[in-house]
Structures are given as C-alpha cells and as structure tokens.
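Peer 1: So that we are looking at the same thing, I have put the structure below in structure tokens.
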Amino acid sequence: MQSRAKQLRSEANWPPEKGEDISFTSSTGPETAILKKVRWGLVWRDFILEDGRVIPEHRISGCPQPQVWRKFDEVSDNEREECEERLLSMAGSGMDPRTRDQSFWAELNQYLAYTYLRFKRAECKVQDTER
Amino acid sequence: MSRSDDETEEQQVWRVLSEAGLVEIRLDEFAERIADVKRIVIVRLRELLDFDTGIEERESAAYSLGTLKRLELKVLANAPKPPPDPS
C-alpha cells in the first residue's frame, strides 16, 4: 500500500493499482481511501474502494484528460442484458436511498447514460438520413 | 449533435451527457432522469414500429423500456420521505 495519495499522475501510470490510496470527491466532499479495484462500466471506469463504495473515474484526483470512455456500440448485447438483470436484482434486494456512492446508483447512472447515447444516436442518424 | 469541428468524440459525448444531466445524477434526480431516458427510448421505439424495421432493435428497445419502468418504480418506492409538515 502506498503511504500517500498521488495527486499528480500521467497516462503512463493510470489507473492506480489495487491497495493505493486515492483522493477523490465523494458525494459528501473531498476524501482519501484505499482502492480495491477498477472496473469498466457501460460508459466509463468505476473505482471500487475497500469499503465498497463506487466512485466514477472523473471524480478521482489526477485523472488524465480527456478521459477514455467506451463507445456505446462497443457494449455487446450480452453485456447490456447482464447489466439490466443485475440492476433489477439489486433494486429487488433493496437499496439505500441515502447512499449515493453505493454500487446500485453507480451502475444505474451508467446504464442511463449508455441507454441515452444508444437511442439518442439512433434518433440523430434517422434525422440525418431524412435531410 | 455536433457543435464544433474541433470537438473530439469524447468531448462531444461528455457534452451531450452533461447537457442531459446524466454524468453526475444526484439521488433526488434519478426518477426524473429515468423518465427522460424512457422518453428517448419511446421515440425510437415508435420510429421502429412506424417503419416496421429492425425487429431485433425493436425487441431490445422494448426490453430496455420495461427495465427502465421497473427501475423507476423501485426508485420511486425507495425515495426518502419528506419531513412531516409541522403545521
């Protein structure tokens, strides 16, 4: 485990490794915590902390700009369906309506962003074709 | 959707999602954002039905719409209750 959070990073050493301290802005303000793992969501990367909270990459200090996001057509039907099932399962098993950094809200945020891009893009393509 | 030729695709996606309020959704905004996304899916589904094309996309859009509706109901059911009116 690193002894201090690294404030300045470059693309070469990004993302940070498991066990490192990372600084970020949580739903309640600036914080530092230990990173457990980094995983790709449907659009952006999420940083999972040791305490279970999920922080999107754009809220992590030192995140290189511009961020790398997935294109919506890189997400397979299978991956989308798994995400939909997981969200419904998490919603069914209960959610804390006061804890924004919970996995359910993080995944729902990405699902909404992805679904918007997926169908908004299709709508724009139809309009372009009709012109 | 394009605003500037200098904008990279990543910047364009960021702007589109930011303008739609979908990059950072606050807890009290989720139900509203789900409703917004449902409207986009409904528009697309209507197009697909009107043109009678894209059976796979139509089924997938209908499934996503159903998922959004179920999530919306759960989110609304779990919304924090407002404090009681003192009057």
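Peer 1: Return yes when residue A:80 is under 15 Å from the mean Cα position of the chain (by Cα), surrounded by 17 or more Cβ atoms within 10 Å (Cβ to Cβ), at the interface with chain B (Cβ under 9 Å from one of its Cβ atoms) and under 18 Å from residue B:25 (Cα atoms) and no when it is not.
Peer 2: So residue A:80 does not fit the description; no.
Peer 1: Of the numbered conditions (1) in contact (Cβ under 8 Å) with a residue 12 or more places away in the chain; (2) farther than 23 Å from residue B:18 by Cβ; (3) surrounded by fewer than 17 Cβ atoms within 10 Å (Cβ to Cβ); (4) not basic (Lys, Arg), residue A:26 fails exactly one; give the number of that condition.
Peer 2: (2)
Peer 1: Return the residues of region A:51-66 that are in contact with a strand residue (DSSP E or B) (Cβ under 8 Å, 6 or more places away or on another chain) and either surrounded by 13 or more Cβ atoms within 10 Å (Cβ to Cβ) or more than 20 Å from residue A:31 (Cβ to Cβ) (or both); say none if nothing qualifies.
Peer 2: Matches in region A:51-66: A:53, A:54, A:55, A:56, A:57, A:59, A:60, A:61, A:62.
Peer 1: Turning to a different aspect of this structure: State all residues of region A:19-52 that are under 19 Å from residue A:105 (Cβ atoms) and among the β-branched types (Val, Ile, Thr); if no residue qualifies, say none.
Peer 2: If the condition is that a residue be under 19 Å from residue A:105 (Cβ atoms) and among the β-branched types (Val, Ile, Thr), then A:25, A:28, A:38, A:43, A:48 are the ones that fit.
Peer 1: Quick one: residue A:115 ticks every box in (1) at pLDDT 95 or above; (2) at the interface with chain B (Cβ under 9 Å from one of its Cβ atoms); (3) in contact with an Asp or Glu (Cβ under 8 Å, 6 or more places away or on another chain) bar one, so which box is it?
Peer 2: All conditions are met except number (3).
Peer 1: If residue B:79 meets every condition in (1) facing chain A (nearest Cβ under 7 Å); (2) touching a Ser or Thr at 6+ places or on another chain (Cβ under 7 Å); (3) at pLDDT below 90 apart from one, which number is that one?
Peer 2: All conditions pass for residue B:79, except number (2).
Peer 1: Then there's this: Of everything in region A:83-100 that's in a loop (DSSP other than H, G, I, E, B) and within 7 Å of chain B (Cβ to nearest Cβ), which residue is surrounded by the most Cβ atoms within 10 Å (Cβ to Cβ)?
Peer 2: A:100
Peer 1: Please tell me if residue B:74 is without any contact (Cβ under 8 Å) to a residue 12 or more places away in the chain and crowded, with 16+ Cβ neighbours inside 10 Å.
Peer 2: yes
Peer 1: Moving to a separate point now. Among the listed residues B:6, B:50, identify the single one that is part of a helix (DSSP H, G or I) and more than 7 Å from chain A (Cβ to nearest Cβ).
Peer 2: That would be B:50, the only listed residue that is part of a helix (DSSP H, G or I) and more than 7 Å from chain A (Cβ to nearest Cβ).
The values are calculated or read from the model by the stated rules, or taken from the named source; none is laboratory data. Owing to the predicted nature of the structure, the values given are computational and were not obtained by experimental measurement. Every residue, glycine as well, gets a Cβ built from its backbone with ideal geometry; the counts of neighbours run over all protein chains shown.
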